[in-house]
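As structure tokens, the structure follows; a few thoughts come after it.
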Amino acid sequence: MANDEAENEGELQARLAEMRQEHQDLDAAITRVSENPPFDQFQLNRLKKRKLALKDEIAWLEDQ
């Protein structure tokens with residue numbers, strides 16, 4: 001039982017690390033898109049929405 005819990009904890013930590021990296025990547029993409037006018041406002045809004053959803057998911061997982 002303890003081994004399963006440790007495995008699940010390891011998987012959770014790995015997933016959180018992936019999500020944090022994706023969040024940083026989205027932040028960089030948002031910066032790149034917004035610094036190069038004219039930029040696609042629709043694309044920028046999609047990136048920001050995904051970043052916010054990812055932030056909420058990370059917060060939820062951290063609370064688990």
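The table that follows gives values for the structure above.
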item	result
Which of D63, D40 is most accessible, then next, and so on - probe 1.4 Å	D63, D40
Structure-derived mean projected area of the Cα convex hull in nm² - corresponding label in [x] 4.4; [y] 4.9; [z] 5.6	[x]
Calculated FRET efficiency for the pair A14/Q43, C-beta based, R₀ 35 Å, to 0.05	0.75
Principal-axis tilt of helix 41-63 within the chain, Cα atoms, nearest 10 degrees	20 degrees
For the range 24-30, Karplus couplings with θ = phi - 60° (6.51, -1.76, 1.60), whole Hz, Gly/Pro x	5, 5, 5, 4, 5, 5, 4
Of all accessible heavy-atom area on the chain, the percent that carbon and sulfur account for (1.4 Å)	51 percent
Where the chain is the region considered: accessible area per residue in Å², 1.4 Å probe	79 Å²
Summed residue charge, Cβ within 11 Å of E22's Cβ, Lys/Arg positive, Asp/Glu negative	+1
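The values are calculated or read from the model by the stated rules, or taken from the named source; none is laboratory data. Bear in mind the structure is a predicted one, so any value in this text is a computation, not a measurement. Please note: Cβ atoms are built from the backbone with ideal geometry, for glycine as well, and neighbour counts cover all protein chains shown. These area figures cover heavy atoms from the full protein model, side chains too; ligands, DNA and RNA do not enter into them. Shrake-Rupley method; radii C 1.70, N 1.55, O 1.52, S 1.80 Å.
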